[in-house]
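The values are calculated or read from the model by the stated rules, or taken from the named source; none is laboratory data. What you see is a predicted model; the values in this text were computed from it and never measured. Here the Cβ positions follow ideal geometry from the backbone for every residue, glycine too, while neighbour counts run over all protein chains shown.
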2 protein chains.
Amino acid sequence: MIDTARFPASCERWDVYEISLPGRADGNPFTDWTIWGEFRGPGDVKRVSGFYDGNGVYRVRFMPCAEGRYTFTVSGTFSDRVWEGSFETLPASAGNHGVVRVRNRYHLAYDDGTPHYSVGTTCYAFALQAPEIVEQTFDELGRSGFNKLRFCLMPKHYDFSLRDPVAFPYEGTPMDASVLTRENFAEYTGNPPGNDWDFTRFNPEFFRLYDRMIGRLLEMGIEADIILFHAYDRWGFSQMPMDANERYIRYVAARYSAYRNVWWGLANEYELLPGLSGHWEELAQILVDSDPWGHLRSIHNCETFYDYSRPWITHCSCQRCDHHKTTEDTDELRRRYGKPVIWDEVGYEGDFPHCWGNFTPEELVRRAWEAAIRGGYCGHSETFLSDDGIVWWAHGGRLKGESAERFDFLRKFLEDVPGCGLKLGKLRDDVHFQWDDYVAIPEDPALEGTYYFFYYSIWRPPFRQIYIDDTTLFEAEAIDTWNMTVTPLGRFRGRTELPLPGTQYCGIRVRAVEEG
Amino acid sequence: MIDTARFPASCERWDVYEISLPGRADGNPFTDWTIWGEFRGPGDVKRVSGFYDGNGVYRVRFMPCAEGRYTFTVSGTFSDRVWEGSFETLPASAGNHGVVRVRNRYHLAYDDGTPHYSVGTTCYAFALQAPEIVEQTFDELGRSGFNKLRFCLMPKHYDFSLRDPVAFPYEGTPMDASVLTRENFAEYTGNPPGNDWDFTRFNPEFFRLYDRMIGRLLEMGIEADIILFHAYDRWGFSQMPMDANERYIRYVAARYSAYRNVWWGLANEYELLPGLSGHWEELAQILVDSDPWGHLRSIHNCETFYDYSRPWITHCSCQRCDHHKTTEDTDELRRRYGKPVIWDEVGYEGDFPHCWGNFTPEELVRRAWEAAIRGGYCGHSETFLSDDGIVWWAHGGRLKGESAERFDFLRKFLEDVPGCGLKLGKLRDDVHFQWDDYVAIPEDPALEGTYYFFYYSIWRPPFRQIYIDDTTLFEAEAIDTWNMTVTPLGRFRGRTELPLPGTQYCGIRVRAVEEG
């Protein structure tokens, strides 16, 4: 039986095509009944799991990756009927570039070829805050240059983040939050008494909230880096039985994989989840099998990197393992794992008592540039104490620091790099005065010789000698990454001496130019 | 034949007892004739080589290490006579503590037991400058807190240090310095044409100049860290034949070993002397054999540490091998080599174009504290461009920066540490909020529990929780290593929260105190 009238007639390429259908509400629809969609478009055939969204409603979400006519069939035990339909996939509109994937081995680009220079920020529990805080977060994201937001799906219990979330992922009752204080919160970590959940029954309201959040990020061109498991928990969600963990992954993947901006973080600080320590590969395989679009996937460490060479891992999602040397290890990690290196956590700008949360903006921005010149990427967040207890890193809200706008400057700088991405270059060994230069060059060997960025980090040379070759005409600019200025230094050929501000965090950009 | 009248009747313990004698001036006295002294005092018997000082004068220098009566005999081919004599060794006067030696495996102390907390500076060619510059250097040293001066014996040819020295170590003629420019100086490195030296004939005037320099440092309580070989050379002194190298070491050791404040640096940046690469152990053995007092000995690297586990090496004399992480590796080097770790070169405060020479004072001072809390030591120097071309690091002269007085503050801080020296401590694993603390404790296990210094480096916590044990009464102080303030924070027992300035480079010192 065919019923096409109830389905949308068209969809934009890489947008979410959603099919909503009535189905069985008896038993436990989350576990007892199935729903599948099979889609056929030009060179694009996929079988996609649907999900139950409460109130007798089932949904299948699909992202068409090709333009043209698609047909589909929806079936399963959820209904006695088989549903069929078709739609037209229209060209992507401006700002819709598709899914971000690995490009040039160490870098990222959207499906349409546009490079994606990852400049992310972290607000772990932003979605589960009061609506006015959530609006502030989106407002700040709209004004900042961040193109990725990293957050936990499950609620967060940790220092400065003790309030109950606006919704819970399961049917049931949470422990009483009124007993918590800043002093005793750690004692309630894990699965303390008082929680009563049915891990077989999702709370659709909770997941619909994330539909809206991920959808809004998508509209803003911001990637949604979804962390599936984390240890900062007082509800037992970090200690569920394995069948619940698997069901959770399948449900989340069925629900969100069709959003083009989704990235998967299998865990935050995986080592802090000892109950899952033997199960990450198994959980990863479920995630791989449940996401027909193969979104970016990684797993984030606390003190020891996961083995990023595992085939299911698309990129390194790193936390600094060394308090002093962090993003300066980017090229070493690139060599070791042969994948993009994204430092999602290197410390935060703020005034927390915890030393991961009281970095100066200068140091956080410096770490981002150290990653960038080595062909990696570094994320931002803020941890400022305030009377209202709203902290960007946990809740979102308002940005208060000085680093965010400088991450935007970095992103714009990266967008000016020829090709897709930088790597650390080597200079002539015979030039005495250049031995302590760190220079970034384009990743693509075909672009060698066209672009150089000398970065001076904590150092503050008042001038530098530059010598690349004798014949090419180059154009130079002094770039002050802290004051966000680009100062033209004119053209040169051969050996030259170029002035710098003599302050920290500056560099020299040199580009080959045409004669005349 | 005995002639006692011409010899001094007494000497202070650990001072230089010098015997001057006439001898043969025919042939080449530097190579043809020998002079030896044999000394016998209470528990102190030594055979010491003398040296020729020109104009028919030979000298033997001896440092008596015990109080009481010494007798001696001087003989050799330099004279037909054998000279005998005796003298009384008097107690050391205030400020004379003897020779600095390794103590507590990783630290240093003088012969009389007084700890030596090494806070050095480097003026590579200070002794060979015009007299008014030399006087400025001593004036600055007298007002600063540095207790070690590191310098090259041989003259130095390098960027910003191109003038001829006031004297040369050998008879002969140097190349013409007037051809040198800042642009071409590197081409003249090594042994360019125009030099004409007799490596068998020392220039006594050159070495008498160092007698005065080392003696003045001794009077000021400043250790003289003498670098014997280095590559920054345009006279060929870095490329002498091995017999000349050996003669040079024996001459220098005979001449200066009796100065209690001498340390030996076999080389600066040994890797840059490829002609000596297979010979360091041989040269070291000659140095060991030529110094009856066993002064501290090391060899300084450029980019790769020498094997400091060699038995003749008393301590690690390190240059940073990693531009970003340096003195934070101190505990790792302590574990690897089991010897004191002295970072003689981690970069310099200044405004040079070279990135090793344009550190902020904050970063240089931070590196010194990172070494200190790990039970190591870090040296200072300055590289400021100026109209007169006088740079502390090369010439001495005037101190211009902000770090020197902060090294003095560090030295005073170290002098307050119980016992002799610090090491990195471990805190209770069960205290959640202390996991990112770096805490220094006394090296001596017997002093465990009496002293803690929590250092926050680049971080800026506005407060920290401290918890050591439940029973001890502690006294706390906030230490701002940049502003050089010590602020009492009162007494506490058990768990406490202590305020900090909320700026970088601060720490908390906690000392156990008596009840009442």
Set B:Ala284, B:Ala186, B:Ala254: member being surrounded by fewer than 18 Cβ atoms within 10 Å (Cβ to Cβ), among the aliphatic types (A, V, I, L, M) and assigned to a helix (DSSP H, G or I)
B:Ala186
Can you name the residue in the stretch B:287-313 that is of a type in the set (A, V, I, L, M) and buried (at least 18 other Cβ atoms within 10 Å of the Cβ) and, of all such residues, is nearest to B:Ala231 (Cα to Cα)?
B:Ile299
Within the stretch A:287-328, considering residues that are over 20 Å from the mean Cα position of the chain (by Cα) and part of a helix (DSSP H, G or I), the one farthest from the other protein chains (Cβ to nearest Cβ):
A:Asp289
B:Pro131 passes all but one of the listed conditions (1) surrounded by fewer than 19 Cβ atoms within 10 Å (Cβ to Cβ); (2) outside the structural domain of B:Asp233 (by TED's automatic domain parsing); the exception is number (2)
Looking only at residues in the stretch A:352-369 that are within 8 Å of chain B (Cβ to nearest Cβ) and under 22 Å from the mean Cα position of the chain (by Cα), which one is farthest from A:Phe453 (Cα to Cα)?
A:Trp356
Residue list for the stretch B:353-366, filter: out of contact with any Gly (no Cβ under 7 Å at 6 or more places or on another chain) and modelled with pLDDT of 95 or more:
B:Thr360, B:Glu362, B:Glu363, B:Val365, B:Arg366
Selection over the stretch B:235-250 where residues are surrounded by 18 or more Cβ atoms within 10 Å (Cβ to Cβ) and assigned to a loop (DSSP other than H, G, I, E, B) yields a count of 3
Would you mind telling me which numbered condition in (1) of a type in the set (A, V, I, L, M); (2) surrounded by fewer than 17 Cβ atoms within 10 Å (Cβ to Cβ); (3) at pLDDT below 95 A:Ala446 fails?
(3)
Which listed residue is in a loop (DSSP other than H, G, I, E, B), of a type in the set (D, E, K, R) and crowded, with 16+ Cβ neighbours inside 10 Å, from A:Arg460, A:Arg509:
A:Arg460
Quick check on this structure: which one of B:Leu162, B:Leu149 is hydrophobic (A, V, I, L, M, F, W, C) and free of Cβ contacts under 8 Å to residues at least 40 places away in the same chain?
B:Leu162
Filtered residues of the stretch B:4-41 (kept if assigned to a loop (DSSP other than H, G, I, E, B), touching a Phe, Trp or Tyr at 6+ places or on another chain (Cβ under 8 Å) and not β-branched (Val, Ile, Thr))
B:Phe7, B:Pro8, B:Ala9, B:Gly23, B:Arg24, B:Gly27, B:Trp33
Among the residues that make up the stretch B:168-186, is at least one of them closer than 19 Å to B:Gly275 by Cβ, out of contact with any helix residue (DSSP H, G or I) (no Cβ under 6 Å at 6 or more places or on another chain) and in the same structural domain as B:Phe146 (by TED's automatic domain parsing)?
yes
Does any residue of the stretch A:471-485 turn out to be within 28 Å of B:Phe384 (Cα to Cα), free of Cβ contacts under 8 Å to residues at least 24 places away in the same chain and either away from every other protein chain (no Cβ under 14 Å) or in contact with a strand residue (DSSP E or B) (Cβ under 6 Å, 6 or more places away or on another chain) (or both)?
yes
Has the stretch B:343-351 got any residue that is modelled with pLDDT of 95 or more, closer than 28 Å to B:Met484 by Cα and more than 14 Å from every other protein chain (Cβ to nearest Cβ)?
yes
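The rows are residues; the columns are (1) free of Cβ contacts under 8 Å to residues at least 12 places away in the same chain; (2) β-branched (Val, Ile, Thr); (3) surrounded by fewer than 24 Cβ atoms within 10 Å (Cβ to Cβ); (4) out of contact with any Pro (no Cβ under 6 Å at 6 or more places or on another chain).
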residue: B:Gly350; (1), (2), (3), (4): no, no, no, yes
residue: B:Cys355; (1), (2), (3), (4): no, no, yes, yes
residue: B:Thr360; (1), (2), (3), (4): yes, yes, yes, yes
residue: B:Val365; (1), (2), (3), (4): no, yes, no, yes
residue: B:Trp369; (1), (2), (3), (4): no, no, no, yes
residue: B:Ala372; (1), (2), (3), (4): no, no, no, yes
residue: B:Glu382; (1), (2), (3), (4): no, no, no, yes
residue: B:Leu385; (1), (2), (3), (4): no, no, yes, yes
residue: B:Ala394; (1), (2), (3), (4): no, no, no, yes
Filtering the stretch A:466-488 down to residues that are buried (at least 18 other Cβ atoms within 10 Å of the Cβ) and of a type in the set (A, V, I, L, M, F, W, C) yields A:Ile466, A:Ile468, A:Phe474, A:Ala476, A:Ala478, A:Ile479, A:Trp482
